[in-house]
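Structure record follows, encoded as structure tokens.
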Amino acid sequence: MLSIKNLQARIGDKQILNGINLDVKPGEVHAIMGPNGSGKSTLASVLAGREEFEVTGGEVVYNGKDLLEFSPEDRAREGVFLAFQYPVEIPGVSTINFMKTAVNQIRKYRGQETLDAVSFLGLMKEKMKLVEIDQSLLNRSLNEGFSGGEKKRNEIFQMAMLEPKLSILDETDSGLDIDALKIVASGVNKLRNSNNATIVVTHYQRLLEYIVPDFVHVLYKGKIVKSGGKELALELEAKGYDWIKDEVAVA
Amino acid sequence: MSKDNQLLEELTSREYEHGWNVALETDSAPKGLNEDIVRFISERKNEPEWMLEWRLKAFRLWSKMTEPKWPNVTYPAINYQDIIYYSAPKQSAKPKNLEDVDPELIKTFEKLGISLTEQKRLTGVAVDAVIDSVSVATTFKEKLGELGIIFCSFSEAVREHPELIKKYLGSVVPMSDNYFAALNSAVFSDGSFCYIPKGVRCPMELSTYFRINAANTGQFERTLIVAEEGSYVSYLEGCTAPMRDENQLHAAVVEIYAMKDAHVKYSTVQNWYPGDKEGKGGIYNFVTKRALCAGDNSKVSWTQVETGSAITWKYPSCVLKGDNSSGEFYSVAVTNNMQQADTGTKMIHIGKNTKSRIVSKGISAGKSQNSYRGQVHIMKRAEGSRNFSQCDSLLMGDQCGAHTFPYIDVENSTSKVEHEATTSKIGEDQIFYCQQRGIDEESAVALIVNGYAKEVLNQLPMEFAVEAQKLLALTLEGSVG
């Protein structure tokens, strides 16, 4: 589904990604871990098409297509979803209105008929139940005055609405207490199936207790320096990141 | 940065939608302004002597006045002798009904989306259409007449209802009020008159559509609304003009007189030609709008969506004379390219326990300048009065300007005035967030801007709100920075 080869990117003069290689198949969950500043969020942003990052080398093939050629909105329409670390506020625009615009633009791109108000509402009700979100939250201005937990839950609701093929969760656990974390993780798990894939970007192992990864990769200085199964996350939790840094230094 | 510039450049890719003009035969006054021209206008309109005298008095006042220089706008000096002050579509005789109106004229309005042929009466909006200097047709007159509501062109009102015009004309905006009000008083061509009798709730929206068509012509319309005790009316005003290289002058006066318990809602969607991206052409829009809440518990709400004109100078105001009367001002002013707007309101609290609310949303893009100027004056006698003002500015790109000039005078200690102001920028973050959900950039801007202006747009009658939303999106198309 996703094949990243030797991906390099920078912001301004600062090189951040130094040759990332990663293969993701349908049905898989990959966790990307690493110390602060290792390039985790940059990788997520580059995949989503954030323009302030300049790709300086490598390639990203997504379902047989060159992902880097697509505009950010077309990547979304092709099924790439980014759950933001810091979801943005849009005053005066309700989540409902926002999602209706998004769903219909995506449907148009895919040559499907746009949803009328009734069908949209039906879809929404179904997804609301799935991720346990209250409609009163969706009537409010998008993310405005939301608590950290509400923002993240809203991201997962949007993910449910858009049914992406590839979901990238960028530090979704940051700012969440344990109850909110469980709800968010349970939403993500319900959305998993054999046709979609998830990349979980996180600093801590905590989230991975609830969203269990098939693979764990450690990112350091813009490179994946170690990959393994879910037990690698536990090892990192126990030993911290320093031993990885030492290993890299020795090599 | 280069991307920003590129996007900003694209601003102009959309042409002004209403930029066509129709080859109508016109009957015009010669260029320039003097007493003879004032007489010419009055004569063409078959006005009674008192009306001519009133105009001449205004002209003499105007001749001694000087153009105000305090607004935060710049433009080359206007040569008032180079303007045509009267232009009327030629018609053999005054049309008696719609069948007699020149079909070209009807077509003009149909292009604007205004149906004068009462076929589409389902829309439930009564329209008075003013082209250049004259009102060409008023719809639904009879139906309104059954309720005692008068809704007609100003010229007709001068002839048919002189007692009302004599009583109320200039009662809210005196001819000496300001330079442009005096000019209007001397040369006003047409406009609408509306009278709602005691206790009557006007069952439909009343609407006036103004269109400037002829070249080198100024439009000086005058609207007068009188709402008797306990009455209610919602009034809409729309404006467009063709694209022309020269600047055209528009100096209107709107007066609203509200008696005890009366409620008047006045909504404007202003879309005069804004000029091209270099700032060539466009309408100079110098307008005086004021309401007098004369009676106790009366209420006047102004709602405006200002997207057009090269220069806008306009402060719809409320004089809150009656006790417990209230005034509201909801405004969205958008400027793009080289447009300049200096707009806001005045709330003058005279009566006790009077209330006012100001919600102003400025949006600046391109190289435009957008100023909010508002005055809240609470007089000594206006005990227990309240004002709430909120002035927000939204900037797009880094070459535009937003300015706020609030003036607050409070002369007693029992009143309360609140003022909130914010300035924000449409962020790359917001746009990217929308894009990541599959929404393209243009739609994202429209979504964000409409969200920002929502509080004001919500005040508009439904069909106007939809039009206004589209207009906002069109005006700002491609202007992300």
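The values are calculated or read from the model by the stated rules, or taken from the named source; none is laboratory data. Being a predicted model, the structure only gives us computed values, none of them experimental. Neighbour counts run over all protein chains shown; Cβ positions are idealised from the backbone, glycine included.
Do the conditions hold for B:A365, that is, is it over 22 Å from B:Q459 (Cα atoms) and at pLDDT 90 or above?
no
Quick one: A:D134 ticks every box in (1) facing chain B (nearest Cβ under 8 Å); (2) over 30 Å from A:M1 (Cβ atoms); (3) acidic (D, E) except a single one, so which number is it?
Here A:D134 clears every test but (1).
Looking at the structure I just gave you, is B:V332 aliphatic (A, V, I, L, M), in contact with a Lys or Arg (Cβ under 6 Å, 6 or more places away or on another chain) and surrounded by 24 or more Cβ atoms within 10 Å (Cβ to Cβ)?
Taking the combined requirement at face value, the residue satisfies it.
Among the residues of the range B:80-92, is any in contact with a strand residue (DSSP E or B) (Cβ under 8 Å, 6 or more places away or on another chain), at pLDDT 85 or above and either over 24 Å from B:G238 (Cβ atoms) or of a type in the set (D, E) (or both)?
Yes: the range B:80-92 contains one or more residues that are in contact with a strand residue (DSSP E or B) (Cβ under 8 Å, 6 or more places away or on another chain), at pLDDT 85 or above and either over 24 Å from B:G238 (Cβ atoms) or of a type in the set (D, E) (or both).
With (1) part of a loop (DSSP other than H, G, I, E, B); (2) more than 24 Å from B:F180 (Cβ to Cβ) as the list, and B:R357 as the residue in question, which single condition is left unmet?
For B:R357, the failing item is (1).
Looking only at the range A:197-222, which residues are on the phi > 0 side of the Ramachandran plot and among the basic types (K, R)?
Residue satisfying the conditions is A:K221 alone.
Need the failing condition index for B:V376 against (1) more than 12 Å from chain A (Cβ to nearest Cβ); (2) assigned to a loop (DSSP other than H, G, I, E, B); (3) of a type in the set (A, V, I, L, M, F, W, C), just the number.
Result: B:V376 fails condition (2) only.
How many of the residues in the range A:76-85 are more than 8 Å from chain B (Cβ to nearest Cβ) and on the phi < 0 side of the Ramachandran plot?
So the count comes out to 4.
Please find, among B:S298, B:S325, B:S309, the residue that is surrounded by 24 or more Cβ atoms within 10 Å (Cβ to Cβ) and at positive phi.
Details: B:S298 fails: at positive phi; B:S325 fails: at positive phi.
Exactly one residue qualifies, and that residue is B:S309.
Got a sec? Which of A:N139, A:N154, A:N143 is within 14 Å of chain B (Cβ to nearest Cβ), in contact (Cβ under 8 Å) with a residue 24 or more places away in the chain, exposed (fewer than 15 other Cβ atoms within 10 Å of the Cβ) and polar (S, T, N, Q)?
One residue alone meets the criteria, A:N139.
Is at least one residue of the range B:209-221 at pLDDT 95 or above and within 21 Å of B:S301 (Cα to Cα)?
Scanning the range B:209-221 turns up no residue that is at pLDDT 95 or above and within 21 Å of B:S301 (Cα to Cα).
Report, by residue number, each residue of the range A:61-84 that is surrounded by fewer than 20 Cβ atoms within 10 Å (Cβ to Cβ) and farther than 13 Å from B:R437 by Cα.
If the condition is that a residue be surrounded by fewer than 20 Cβ atoms within 10 Å (Cβ to Cβ) and farther than 13 Å from B:R437 by Cα, then A:V61, A:N63, A:G64, A:K65, A:D66, A:L68, A:E69, A:F70 are the ones that fit.
Take the residues of the range A:212-248 that are assigned to a strand (DSSP E or B) and of a type in the set (V, I, T): which is nearest to A:L22 (Cα to Cα)? Step through it out loud before you land on a result.
Applying the first criterion (assigned to a strand (DSSP E or B)) to the range A:212-248 yields A:215-220, A:223-228.
Filter once more, so that each one left must be of a type in the set (V, I, T): A:216, A:218, A:224-225.
Working: A:V216: 11, A:V218: 11, A:I224: 8, A:V225: 11 Å.
This residue is A:I224.
Return yes or no: is B:Q469 within 13 Å of another protein chain (Cβ to nearest Cβ), under 30 Å from A:L169 (Cβ atoms) and part of a helix (DSSP H, G or I)?
no
Answer with yes or no whether B:G451 is facing chain A (nearest Cβ under 9 Å), without any contact (Cβ under 8 Å) to a residue 60 or more places away in the chain and on the phi > 0 side of the Ramachandran plot.
For B:G451, the condition - facing chain A (nearest Cβ under 9 Å), without any contact (Cβ under 8 Å) to a residue 60 or more places away in the chain and on the phi > 0 side of the Ramachandran plot - is not met.
Would you be able to say whether some residue in the range A:3-22 is under 27 Å from A:D173 (Cβ atoms), assigned to a loop (DSSP other than H, G, I, E, B) and of a type outside the set (D, E)?
No - not one qualifying residue is present in the range A:3-22.
Please pick out the residue among A:V200, A:V188, A:V184, A:V131 that is hydrophobic (A, V, I, L, M, F, W, C), within 15 Å of the chain's Cα centre (by Cα) and at pLDDT below 90.
From the options A:V200, A:V188, A:V184, A:V131, the qualifying one is A:V184.
If you check A:G58, A:G92, A:G122, A:G64, which single one turns out to be touching a residue at least 40 places away in the same chain (Cβ under 8 Å) and more than 8 Å from every other protein chain (Cβ to nearest Cβ)? Spell out the reasoning first.
Working: A:G92 fails: more than 8 Å from every other protein chain (Cβ to nearest Cβ); A:G122 fails: touching a residue at least 40 places away in the same chain (Cβ under 8 Å); A:G64 fails: touching a residue at least 40 places away in the same chain (Cβ under 8 Å).
Going through A:G58, A:G92, A:G122, A:G64 in turn, just one is touching a residue at least 40 places away in the same chain (Cβ under 8 Å) and more than 8 Å from every other protein chain (Cβ to nearest Cβ): A:G58.
Just checking, how many residues over the range B:173-190 are assigned to a helix (DSSP H, G or I) and surrounded by fewer than 24 Cβ atoms within 10 Å (Cβ to Cβ)?
Number of matching residues: 1.
Out of (1) among the polar types (S, T, N, Q); (2) more than 19 Å from the chain's Cα centre (by Cα); (3) modelled with pLDDT under 90, what's the single condition that is false for B:S389?
(3)
From the list B:D392, B:D398, exactly one residue is touching a residue at least 40 places away in the same chain (Cβ under 8 Å) and within 14 Å of chain A (Cβ to nearest Cβ). Which is it?
The unique qualifying residue is B:D392.
Looking only at the range A:95-119, which residues are hydroxyl-bearing (S, T, Y) and facing chain B (nearest Cβ under 9 Å)?
Result: A:T101, A:Y109.
Can you pull out every residue in the range B:127-184 that is closer than 21 Å to B:L249 by Cβ, modelled with pLDDT under 90 and acidic (D, E)?
B:D132
Kindly evaluate A:R50 against the criterion of being modelled with pLDDT of 95 or more, buried (at least 18 other Cβ atoms within 10 Å of the Cβ) and facing chain B (nearest Cβ under 10 Å).
It is false that A:R50 is modelled with pLDDT of 95 or more, buried (at least 18 other Cβ atoms within 10 Å of the Cβ) and facing chain B (nearest Cβ under 10 Å).
Are any of the residues in the range A:149-158 at pLDDT below 90 and of a type outside the set (S, T, Y)?
Checking the range A:149-158: at least one residue is at pLDDT below 90 and of a type outside the set (S, T, Y).
Those residues that are under 14 Å from A:I90 (Cα atoms) and more than 7 Å from every other protein chain (Cβ to nearest Cβ), I need them from the range B:430-444; list them, please.
Within the range B:430-444, B:I431, B:C434, B:A444 qualify.
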